[in-house]
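Note sheet for the following structure.
What follows draws every value from the coordinates through simple rules; no lab data is involved. Here the structure is a predicted model, which means the values were calculated and not measured. So basically every Cβ, Gly included, is an ideal-geometry build from the backbone, and we count neighbours across all protein chains shown.
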Amino acid sequence: MAGISRPRGTEDLLPEPLARLKRVLAAGLQVAAAHGYRQIETPIFESTDLFVRGVGEATDVVTREMYTFPDRGGRSLTLRPEGTAPVVRAFWESPLRQEPLPVRVSYAGPMFRYDRPGKGRYRQFHQFGVEVLGESEPEVDAEVIGLAWRWLERLGISGTSLQLNSLGDRECRPTYRAALLEFFEPQMAALPELDRERLRRNPLRVLDSKELADDGLLDRAPRTIDYLCSECRAAFDRVQEALSALGIPFAVNHRLVRGLDYYARTAFEVWHQELAGAQNALFGGGRYDGLSELLGYPPLPGVGFAAGLERVAMISAPAPEPGRPEVAVLSAPPADSKAAVALADRLRRAGLSVLLDAGARGLRGKLSFAERSGVRLALILGESELRARTVTIRRMAGRTQESLPLEGVEGRIRELLSSAELAEEGAS
Ligand code: AMP
C-alpha cells in the first residue's frame, strides 16, 4: 500500500500491548503511592537548554539524540528525552518547593530520542520514574531501588539482577577521572576513535564502551570505588546495608556508569536476562546531587530512577484487554430491534462489556461476526423471544442454547461467564 507510514522508531500501541503497558504502569503507580510518592506530569516539550544543561553537552543524548525544533516564536524547544531535569525544574517553579523536604514524586509519559531503532529501542517510548528531592541520606537511595524492585515483584517478573556502583562526588570524582585518563593515556593511539572521543569529552563513559567490551583493558582499568572519599565510601556502605535489610540482592558493577552527567554517588541499573546486549536495562537511576545547580537553581540533592515501560511490558504476562466484549446482544430480523438496544444498555450499566448488533442483516451473519469477535455468549432476541418476554442465550464455545426469562437475566449471564464449564469449553 502506498499510504503514509508511521515515522521510523515509533509504534502504534494496539489493544493488547497497550493494556499490558497500562497494567505495568498502574502497578508502578500503586507501589509508588504505597511508598508515599505522588504523581505529577510535566510538559512533553521543554526549552532545549533544560536538557543541554541538565543532561550534559557531552552526552550521546544531547549530541545525537534530541528532537529539537524552533517554534513559531523562534524559541528552541526539545521533545523531552528524559524526565529528571523537567521534574527538578517543575519543583522550583511550583508550590512543591514550599513543601517540607524531601518531596517524593512519580511521573510517566512518552520520551523521545533519535536512537537507532531496534528490539526494545524506539524513538518514542514510555518511561515511569520516581524522584526524591531534597534528601541526601543514602537510605533513600535504597528506598528508590526497593520501590523499583517491589514493582517488578508485583508484576511477577523474575530473572532480574540489580547492578550497583558509586560514581563518587565532586570531591573525589576528579581524582578518579585523572587516574582513568592516566591509565588510558599509553593506549590512546590503539583505541577506537569513538573511545578516544569519550575520553576527551566524558571519560567515565569509556567504561561502558561497547567497542571495548570484550577487551581485557576495561577489567584492568581503575575502579571508582577505590577512589571514593570517606563520605562517599560511608554512603555507599549505608546503601548496601539498607538493601540487605530489604532483602534485595545486588552485584557491585565497577563498569556501571550512567550516560547522563549529573549523577553522583549511587548509580544502578536493573537488568533482565531475556533482554540481550545493550537493551538489557529495564531501568536505570541514581543520585544527581549536582543537577539543580546546573539548571541555575539553588542546590537540591536528589535520587530517582526511570524505567522503560515497553521493556518491562515485553517481559510481563499478557493482560486482558478492557473493552474486549464478553457478550453479544443480537436482534434477529424481522423482530423489532428496540428490545435488543435496551437489553445491551441494561447489561452495560450492570458492568458487562457488550457488543450490540441490532442492524437489518440476518441472524446467521450476526452470529458469525460475534464468534469472530471472541465473545463467549450471544443473547438473541427474535420475534418468539419478544412475544414470550424471554431471551435465547447461546454459548459460543459449545454452541448450546437455553431460553431464559428476560427479567433478571443478568444473574444467569454472570454465572455463565464465571463458570468453569464455559472456560473449559472455551479452551478446547
Ligand atoms: P536512561 O534514561 O537512558 O537511563 O533510560 C532509562 C530506561 O528507559 C532504560 O533502561 C530503558 O528501559 C528505557 N529506554 C531508554 N531509551 C530507550 C529507547 N530508545 N527505547 C525504549 N526504551 C528506552
Cleavage-rule hits (trypsin sites (Lys or Arg not before Pro)) in segment 125-219: DSSP loop, at most 13 neighbouring Cβ within 10 angstrom: Arg170, Lys210
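With only alpha-carbon pairs counted, each pair once and no self-pairs, how large is the Kirkwood hydrodynamic radius of the chain in angstroms?
Details: mean 1/r = 0.0397 Å⁻¹.
Its Kirkwood hydrodynamic radius stands at 25.2 Å.
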Selection from Ala213, Gly36, Ser166, by position along the positive dipole direction of the chain (Cβ): Gly36
In degrees, nearest ten, helix 138-154 long axis to first principal axis of the chain (Cα): 30
Partnerless cysteines, meaning none of the other Cys C-beta atoms lie under 4.7 Å away, in the chain: Cys232
Degrees separating the helix 363-372 axis from the principal Cα axis of the chain, which is the longest one: 20
Under 5 Å, built H, 5+ apart or other chain: amide partners of Arg265: Leu167, Gly168, Asp169
Trypsin sites (Lys or Arg not before Pro) within segment 1-105: DSSP coil, no more than 12 neighbouring Cβ in 10 Å: Arg8, Arg72, Arg75
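Write out the GluC sites (Glu not before Pro) in segment 62-100 meeting two conditions: DSSP loop, and at most 12 other Cβ atoms within 10 Å of their Cβ.
On the way: sites: Glu65, Glu82, Glu93; in loops: Glu65, Glu82, Glu93.
For GluC sites (Glu not before Pro) across segment 62-100 that sit outside H, G, I, E and B with at most 12 neighbouring Cβ atoms in 10 Å, the list reads Glu93.
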Mean separation of Cα contacts under 8 Å (6+ apart) over length of the chain, as relative contact order %: 16
5 angstrom amide H check on Ala350, placed H, neighbours 5+ away: none
Inter-site label distance for Ala2 and Glu274 at 7 Å from Cα along Cβ, in nm: 4.2
27 Å Cα-Cα reach of Lys119 towards lysines, excluding residues that sit fewer than 8 places from it in its own chain: Lys22, Lys210
Amide H contacts under 5 Å for Met396, placed H, 5+ residues apart: Leu377, Ala378
